[in-house]
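Student: Take a look at this one; I'll ask things after.
None of the figures in this text is laboratory data; all of them are computed from the coordinates on show. For clarity, every value in this text was computed on a predicted model and none was experimentally measured. Cβ placement follows ideal geometry from the backbone for every residue including glycine, while neighbour counts extend to all protein chains displayed.
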Amino acid sequence: MRYKKLIIIFLNIILFSKLSAQTNVNEEYSFYNSRIKEAPEYIFSKFVEAGMSPTNHVLTEAEQQKVAKAFSLLPPLHLKILKEHLHSISFMDNMPNTALTSAIEPEGVNKEYNITFRAGILNETISEWATWKEKSLYEIPSGSSLEIQIDGGNLDAFVYVLLHEATHVVDAVLKLTPHAEEIDSLVNHTTYTKNIWKLFNVPVARFVKPELEKTRFRSGKIQPITAAKGIYDSLQETPFASLYGMASWYEDIAELVTIYHLTDKLNQPFVVYVKDNGEIKSRFEPMKNKLVKKRIKQLDVFYS
């Protein structure tokens, strides 16, 4: 009888330890719950002025679970910085873009940030959302045999977008990329921009490619779908993880960290396909690009 009691006590100790560990893990990323608020008024005003009718979105229980999962998948450094500097997180309907990260007090010493998300992404997978976004770069005539498709796996799109926006916060707080007031002034480059960027939105000469300079995130212009293969072939000759990453060094680091974490840490695919009648004509897989892979060592800081 005494032996049975000892076994029961031992099992209870193990169970309590597991529950305590689970509680501690949850506390690591559940801090955001108390920071879910309506977006700041100036964000609403910005979209209203642009002719939109944004409204606050109240999360359903299922959506809350998706948000919790996404936070639980963030790298350690992201969680640490967000605990200290995330002022609020907001969700909005009728929002024109996917997400917006903005400083609450740009001149303040605390460096607090709000991240506002378009609530619709909570109902999309990464593959669905990323394909939609990539298609927006091209003019695709009705009936065209050419198509763009991204295989980013079946995780929620919110996982990708949260990681991207949270990287902006980490970057702003730690100044992983230069945050100079005058964009044309001499730049004191960091590890993440040296030999890659000349100015915040100008790559060094060797990575300036005619096909890439015409794209939407470089020129603001949409390209014909017939140009897609040449565009990704040119992108393969650069250290950028995506076309969006070429918009500026701020987007570069956010895309690099996000796609690396998605593929290397979460074991998800990330491949851009150009297809003609369903047949693959071109593929761009950033984390297999030798120039992108050379930058991976720089990302150790996010996991130490």
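Student: How much length is gained on full extension from Asn267 to Ser219, taking 0.36 nm per residue of separation minus their Cα-Cα distance? Write down the numbers at each step before the final one.
Tutor: On the way: separation 48, 0.36 × 48 = 17.28 nm, distance 3.34 nm.
In short, 13.9 nm is gained.
Student: Where Rh denotes the Kirkwood radius from the mean inverse Cα pair distance, what is Rg over Rh for the stretch 31-302?
Tutor: When Rh is taken as the Kirkwood radius, the ratio is 0.95.
Student: So, with +1 on the Cβ of K and R and -1 on the Cβ of D and E, and no other charges, what is the size of the charge dipole of the stretch 214-304 about its Cα centre, to the nearest 20 debye?
Tutor: On the way: 15 positive and 10 negative charges, 37 e Å.
Its charge dipole is roughly 180 debye.
Student: Quick one: if the Förster radius is 41 Å, what FRET efficiency do Glu49 and Ser142 give, using the C-beta to C-beta distance and rounding to 0.05?
Tutor: 0.80
Student: Which of the peptides 31-43, 112-124 is most tightly packed, and how do the rest follow, judged by the mean count of other Cβ atoms within 10 Å per residue?
Tutor: Descending mean neighbour count gives 112-124, 31-43.
Student: Follow-up. If R0 is 35 Å, what FRET efficiency do you get for Glu279 and Ile104 from their C-beta distance, rounded to 0.05?
Tutor: Once the sixth-power term is evaluated, E becomes 0.10.
Student: Taking the Cβ of His164 as the center, what net charge do the other residues with Cβ under 12 Å away carry, scoring Lys and Arg +1 and Asp and Glu -1?
Tutor: Counting the neighbours of His164, the net charge comes to -4.
Student: Let me ask another. As a check on your grasp of the helix formula, calculate [θ] at 222 nm for the chain: sum -39500 (n - 2.57) over DSSP H runs of n ≥ 4, divide by the residue count, round to the nearest 500.
Tutor: My calculation for the chain gives -12000 deg cm²/dmol from helical runs alone.
Student: Now for a different question. Taking the Cα atoms only, what angle lies between the long axis of helix 126-135 and the longest principal axis of the chain, rounded to 10 degrees?
Tutor: 20 degrees
Student: Sticking with this structure for a sec: Cα gyration tensor of the stretch 156-283, axes a ≥ b ≥ c as square roots of the eigenvalues: rounded (a/c below 1.5), prolate (a/b > b/c) or oblate? Intermediate results must be reported in sequence, preceding the final value.
Tutor: Numbers: a/c = 2.22, a/b = 1.28, b/c = 1.73.
Since a/c reaches 1.5 but b/c is at least a/b, the shape of the stretch 156-283 is classed as oblate.
Student: Dipole size in debye (nearest 20) for the stretch 101-224 around its Cα centre, Lys and Arg Cβ +1, Asp and Glu Cβ -1?
Tutor: The dipole magnitude comes to about 480 debye.
Student: Right, something else. Where nothing but the Cβ of Lys and Arg (+1) and of Asp and Glu (-1) is charged, how large is the charge dipole of the stretch 31-302 around its Cα centre, in debye to the nearest 20? Working shown, then result.
Tutor: Working: 31 positive and 34 negative charges, 187 e Å.
Value, rounded to 20: 900 debye.
Student: Around Leu122, what is the net charge, scoring Lys/Arg as +1 and Asp/Glu as -1 over all other residues with Cβ under 10 Å from its Cβ?
Tutor: Here the charged neighbours net out to -1.
Student: Would you work out which of Thr101, Val272, His164 lies farthest towards the positive end of the dipole of the stretch 31-302, given +1 charges on the beta-carbon of Lys and Arg and -1 on that of Asp and Glu, about the Cα centre?
Tutor: With unit charges placed on the Cβ atoms, the residue in question is Val272.
Student: A follow-up question, please. May I ask for the angle, rounded to the nearest 10°, between helix 157-174 and the longest principal axis of the chain, with both axes built from Cα atoms and the value confined to 0 to 90°?
Tutor: The answer is roughly 90 degrees.
Student: On a 0 to 90 degree scale, rounded to 10, what angle separates helix 61-72 from the longest Cα axis of the chain?
Tutor: Value to nearest ten degrees: 80.
Student: Any idea which of Phe44, Leu73, Ile140 is furthest toward the positive side of the dipole for the chain, if Lys and Arg beta-carbons carry +1 and Asp and Glu beta-carbons -1?
Tutor: Working it through, the farthest residue towards the positive pole turns out to be Leu73.
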